[in-house]
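Contents: one structure, followed by commentary.
Just so it is clear, none of the values below were taken in a lab; they were calculated from the coordinates. In this text the structure is predicted, and so the values were computed from the model without any measurement. Positions of Cβ are generated from backbone atoms using ideal geometry, with glycine treated the same way; all protein chains shown enter the neighbour counts.
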Amino acid sequence: MKRNLLILLVITALMVITCGNEPPSDFYNGTPEDSAAIITELNAHADFLNTYDLCTYAKCSVTVAAVSFPISDSFYKADSPLVKQHITMLGDTVSVLNRFQDLWFAKDTTCTVYLFDTFTIISQYDWDRKYTGHYVLTIDTLIDTTQVPWDTTLDTIGVVLTTVDIDSNGGSDEITPIYAEGLRHLFLDPVRETTPVIEDGDTTYPLVDPRVWVLKRISYGNYYFPSEGAEYPLIADVRLAHADGRVDTIQDYVTDTLFTGHAMNRLKHIDSLMHFTAGETLNAAITLGNVTLDSTMALFFISGSGQRSKIIDGHGEYVVPSTSSSTGITNLVFEVILKDSYYYLVPAKDFLANAWLVPVIIQ
C-alpha cells in the first residue's frame with residue numbers, strides 16, 4: 001500500500017512539473033529545398049567531389065626488387081609449381097564507380113554530406129621475367145644443396161625447390177577486378193543574417209530565409225582495396241618537406257580536440273588546404289602503420305593531375321605537377337600497395353592497398 005502511494009505521489013509530482021511545458025520541437029530533417037540548395041552548392045565545388053583520378057594513371061616505370069624464392073614459399077602446395085613474376089611498368093584504370101551520397105542534418109544549423117564510393121579497378125602492368133619454381137617432397141632433411149640453386153635453407157618442412165624455369169620474353173597483363181571503397185565527409189553551414197537579434201538577453205543571428213547553404217569544411221578520403229580478413233599495408237602518416245624548410249604532415253588519426261593540423265579523421269576548412277607551387281620538388285616520406293610490415297614489402301606512389309610517381313620504400317622526391325583546374329584545386333593521392341599482389345601468379349595473392357586522397361591547391 002505504501003509503495004503504491006509513493007508511486008502515485010511521484011506521478012502526480014511529474015505531472016505538476018511538466019504541466020504547461022511545450023513539447024520539444026521535432027528534429028530537423030531538412031526540406032526538399034534544403035537538399036536542392038545543398039546539391040547546387042556541391043556542384044559549384046565539383047573539384048572537391050572528384051574521385052575518378054584516384055586510380056586512373058597511364059603506365060609508369062617501377063623499380064622492384066628481384067624475384068626470389070624464400071623459405072616461406074615452401075609452405076605452398078608440394079608437387080605443384082609456384083609461378084612468380086617481375087614487373088617493370090604499372091598503370092591503373094577505374095572501370096566502375098558507384099557513389100552513395102547521404103545528407104545528415106543537425107537540427108537546422110548544419111548538414112554533413114557522406115560520400116561513400118565503391119569502385120572497381122583494373123591494374124595493368126608489364127613484366128620482363130616469369131619464374132616457375134618446382135617443388136618436390138623429400139623425407140631426408142639433409143639434401144644436396146646443388147639441387148637448390150635459389151635458396152639452400154628450404155628443407156625445414158620437407159618441401160624442396162629443385163628447379164626454376166625462367167621466361168624472359170616479357171609481356172603485358174592485368175589484375176581485374178580489384179574492388180575498393182572509401183568515405184569522405186563534406187560539412188555545410190546555412191548563411192545567417194548580419195544583424196543580431198536579442199531575446200531574453202541572448203544575442204543570436206537568425207538564419208537567412210530561405211536557407212542558403214555554404215560548403216565550409218571537408219575531410220580527406222581514405223580508400224581501401226579490400227580482402228576479407230586481410231592485412232592492409234595501412235598508411236600511418238605522410239610528410240612533405242619543402243625546399244624552404246616548411247613541412248606538411250598528414251596523420252592518420254588524431255584525438256586531440258585542439259589539433260589544427262592535417263589528419264584523415266578530421267574536417268578541414270576549405271580555405272586552409274595545403275598549398276604547393278607547380279614544379280617545386282618535395283622530399284616525401286610515407287610511413288606504414290602495420291607493425292608486421294616494413295617498407296620493403298610495399299610499393300609507394302604519389303600522384304596528382306593524372307601523373308603517378310613511385311618513391312622507393314616510402315622515401316623520395318616528388319615534383320608537384322601543374323593543374324588545369326581553374327581553382328587550382330587538385331587531388332594528391334598517396335598510395336601503398338603490397339608487392340606480393342604482383343609478385344605471385346600461382347597461387348595468386350590478393351591485391352591489397354591503401355590510398356589517401358587529399359585535395360590541395362597548386363599555384
* Structure fact -> Placing each pseudo-label 7 Å from Cα in the direction of the beta carbon, Asp173 and Gln363 end up separated by a distance in nanometres of 4.8
* On full extension of the chain, what length is gained from Ser295 through Thr277, given 0.36 nm per residue of separation minus the C-alpha to C-alpha distance? -> 3.6 nm
* If the limit is 28 Å between Cα atoms, which of Lys107/Lys216; Lys59/Lys339; Lys59/Lys268; Lys59/Lys349; Lys268/Lys339 go over it? -> Lys59/Lys268; Lys268/Lys339
* To do: Only Lys, Arg, Asp and Glu count, each charged at its Cβ (+1, +1, -1, -1), so figure out the dipole size of segment 27-362 about its Cα centre, rounded to 20 debye.
  => 420
* Extending each Cα 7 Å along its Cβ direction at Phe100 and Ser326, get the distance between those two points in nm, one decimal. => 3.4
* Structure fact -> Residues whose modelled amide H sits under 5 Å from the amide H of Val214, counting only those 5 or more places away in sequence or on another chain, are Asp189, Val191
* Contact order relative to length of segment 27-362, as percent, for alpha carbon pairs under 8 angstrom and 6 or more apart -> 17
* Computed FRET efficiency, Cβ-Cβ of Lys59 and Leu267, R0 51 Å: what is it to the nearest 0.05? -> 0.90
* Structure fact -> Once both label points are put 7 Å beyond Cα along the C-beta direction, the Tyr52-Thr255 separation in nm becomes 4.1
* Structure fact -> Residues whose modelled amide H sits under 5 Å from the amide H of Lys268, counting only those 5 or more places away in sequence or on another chain, are Ile218, Ser219
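Give me Glu231, Glu199 sorted ascending by neighbouring Cβ count inside 10 Å, so fewest comes first.
In increasing order of surrounding Cβ atoms, one gets Glu199, Glu231.
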* Asked: Does a label point 7 Å from the Cα of Tyr114, set along Cα-to-beta-carbon, have any residues of segment 159-187 with amide nitrogen under 20 Å, and which are they?
  -> 180-187
* Amide N proximity, segment 165-198 versus Lys349 label position 7 Å along Cα-to-Cβ, cut-off under 18 Å -> 174-176, 178-179
* To do: Would you please give the residues with an amide H less than 5 Å from that of Leu282, counting only those at least 5 places away or on a separate chain, with H modeled from the backbone geometry?
  => Tyr318, Val319, Val320
* Between the DSSP loop rule and a limit of at most 11 other Cβ atoms within 10 Å, which chymotrypsin sites (Phe, Trp or Tyr not before Pro) in segment 284-363 are left? -> none
* **Spatial separation of Cα centroids for segment 302-322 and segment 52-105, in angstrom** => 18
* Local electrostatic count at Leu345 - Lys and Arg +1, Asp and Glu -1, tallied over other residues with Cβ under 10 Å -> +2
